[in-house]
Amino acid sequence: MSWDIASTDDITAVHELRREIFIKEQGFNEEDEWDDLDDQAIQILAKLAQHPVGTARILINGNIGRIGRICVVKSQRGTGLGAALVQFGIDHLRQTPSIARVKLGAQEQAIGFYEKLGFQVCGQVYDDGGVPHREMEIVL
């Protein structure tokens with residue numbers, strides 16, 4: 001598979017993917033999904049043959065980068081796209097001199113996926129929209 005993964009200003013495509021995956025498919029509330037952080041975030045969009053197929057966002061707070069809102073359409077799951085989105089985020093943050101570590105909130109069922117990418121659990125279980133999550137990080 002050859003995806004085009006890049007930062008984007010196309011917030012409409014990003015929101016359409018998140019609405020389809022997080023709200024319609026996974027059942028998260030609209031109120032929980034939309035926040036004021038999108039305006040501060042670096043949005044990442046993956047396309048296959050010019051069609052949006054995945055997204056994530058990067059937030060920076062001091063010396064910590066945070067990758068979040070990672071989602072991939074059903075047809076692309078298991079292809080490596082999720083890992084490619086996370087790696088794009090890590091690589092982007094590595095190029096920011098002040099960033100020492102990258103964090104994310106992982107759904108418990110996805111912890112193994114993130115561990116394979118080098119992340120380690122660094123927090124207790126917490127509830128996010130009715131789904132158990134754990135904080136994870138990787139030191140750059």
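Every number in this text was worked out from the coordinates using simple rules, so none of it is lab data. Please read all numbers here as calculations on a predicted model, not as lab measurements. Ideal geometry is used to build each Cβ from the backbone, glycine not excepted, and the neighbour counts take in all protein chains shown.
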State whether the residues of segment 92-110 include one that is closer than 24 Å to Asp4 by Cα, without any contact (Cβ under 8 Å) to a residue 24 or more places away in the chain and of a type in the set (Lys, Arg).
no
For segment 63-104, what are the residues that are at positive phi and within 11 Å of the chain's Cα centre (by Cα)?
Arg69
What helices (runs of 4 or more DSSP H) completely inside segment 1-116 contain at least 2 residues that are surrounded by 19 or more Cβ atoms within 10 Å (Cβ to Cβ) and among the aromatic types (Phe, Trp, Tyr)?
none
